[in-house]
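Chemist: Okay, handing you the structure first.
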Amino acid sequence: MIVAVAAVVVASITSASSVLAVDDPILERRTIGASVQGRPIEAMRVGAKGGPVVVVVGVIHGNEAAGLAITDELLTMKAPKGVELWIVPTMNPDGTALDQRGNANLVDLNRNFPYAWSKMGKPGYWQYAGPTRASEPETKAMVAFFRSIKPDLGIWYHQDLNMISPGKGFEGRVREKYSQLTGLPLKRITGGTYTGVAATWQRSTFPGVGAFVVELGETLSASDAVVHAQAVHIVSMMVRDR
Ligand SMILES: [Zn+2]
């Protein structure tokens, strides 16, 4: 009798997990590289290949981790039809684990990208740009990954200035839409020295719509994370339909 019950339980677990597998919105998982301390950097595709490519990066500065709630949410949602959506929860897994801005070499990865790079600071300086352009394994992994997917749009999460910089042309309209949907005001982000910046590198390297930074606030509620995930879908559809 006990054996029979066990068999029924196993059978129902098996059928439940095969149903889940069919509904799983994640269609592809790639390990695109490893951090200085050897942590994997993961990218997940939701949405079929063929449409415009949109990539969302939850974390680049390790101590600005609110974007993870948005990428977690996006990984449970089917992408809009005709959009190839890629999610990178964190490109700085060491910084995320250590709760620090830079990677394990104390490099500010958002000053290390190979466009308009300039030497800046030393380890310990908050915007330390690294010894050379794209010196860090995390930056190299993202550069190679982006070259392979050729994104049309990138969305990069930061904290905690609570704003989105305005943009020009169609990219400006996408930023404006995202701002309206989430309530983050459109204001010029200032206060840093912006060399070797990831979104600027993306915009200058790939034709298409471009890339922008979303500066979240100090905290992000679970319902805010859902609003942001939906905003990603809506601006992705703008790119698809333009
Ligand atoms: Zn930041």
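Chemist: So how far apart, in nm, are the two label points at Gln37 and Asn63 if each is 7 Å from Cα heading toward Cβ?
Modeler: Between Gln37 and Asn63, the simple spin-label model gives 1.5 nm.
Chemist: Which percent, to the nearest 5, of DSSP beta bridges fully inside the range 2-241 are antiparallel? Intermediate values should be presented prior to the final figure.
Modeler: Working: 11 of 30 bridges.
That works out to approximately 35 percent antiparallel.
Chemist: Aspartates and glutamates within cross-link reach of Lys187: Cα-Cα under 19 Å, excluding same-chain residues under 8 positions apart?
Modeler: Those aspartates and glutamates meeting the cut-off are Asp160, Glu171, Glu176, Glu215, Glu218.
Chemist: Multiply the residue separation of Gln230 and Arg242 by 0.36 nm, subtract the distance between their alpha-carbon atoms, and state the gained length in nm to one decimal.
Modeler: Values: separation 12, 0.36 × 12 = 4.32 nm, distance 1.84 nm.
That works out to 2.5 nm of additional length.
Chemist: ³J(HN,Hα) across the range 96-102 via Karplus (A = 6.51, B = -1.76, C = 1.60, θ = phi - 60°), whole Hz, x for Gly/Pro?
Modeler: Running phi through 6.51 cos²θ - 1.76 cosθ + 1.60 with θ = phi - 60° gives 5, 5, 8, 6, 10, 4, x Hz.
Chemist: How about the range 97-202: which trypsin sites (Lys or Arg not before Pro) there are in a DSSP loop, with at most 10 other Cβ atoms within 10 Å of their Cβ? Please list the in-between numbers first.
Modeler: On the way: sites: Arg101, Arg111, Lys119, Arg133, Lys140, Arg147, Lys168, Arg173, Arg175, Lys177, Lys187, Arg188; in loops: Arg101, Lys119, Arg133, Lys168, Lys187, Arg188.
Hits after loop and neighbour filter: Lys168, Arg188.
Chemist: Here is a further query. Multiplying the sequence separation of Lys187 and Leu98 by 0.36 nm and subtracting their Cα-Cα distance, what value in nm do you get? Write out the running numbers ahead of the final one.
Modeler: Details: separation 89, 0.36 × 89 = 32.04 nm, distance 3.04 nm.
Using 0.36 nm per residue and subtracting the Cα-Cα distance, I get 29.0 nm.
Chemist: Could you work out the pair-distance distribution P(r) of the range 2-241 from its alpha-carbon pairs, with 5 angstrom bin width and percents rounded to whole numbers?
Modeler: 1, 7, 14, 18, 19, 16, 10, 5, 3, 2, 2, 1, 1, 0
Chemist: With a cut-off of 8 Å between alpha carbons and a minimum separation of six or more residues, what is the relative contact order of the chain in percent?
Modeler: Working: 530 pairs, mean separation 49.5, N = 242.
Relative contact order comes out at 20 percent.
Chemist: Straight-line reach only, C-alpha to C-alpha below 23 angstrom: list the lysines that Lys49 could link to, leaving out same-chain residues fewer than 8 apart.
Modeler: Lys78, Lys81, Lys150
Chemist: Provide the percentage of antiparallel DSSP beta bridges, counting only those with both residues in the range 28-113; round to the nearest 5. Could the numbers behind the result be given before it?
Modeler: On the way: 9 of 15 bridges.
Of those bridges, close to 60 percent are antiparallel.
Chemist: So what J values fall out for the range 210-219 if you push phi through Karplus, 6.51 cos²θ - 1.76 cosθ + 1.60 with θ = phi - 60°, rounded to Hz, Gly and Pro as x?
Modeler: Taking θ as phi minus 60°, the curve returns x, 7, 8, 9, 10, 8, 6, x, 5, 10 Hz for the range 210-219.
Readers should treat all values here as calculations from the given coordinates under stated rules, not as data from a laboratory. Computed from a predicted model, the values in this text were never measured in an experiment. A quick note on method: Cβ atoms are made from the backbone with ideal geometry, for glycine too, and the neighbour counts reach across all protein chains shown.
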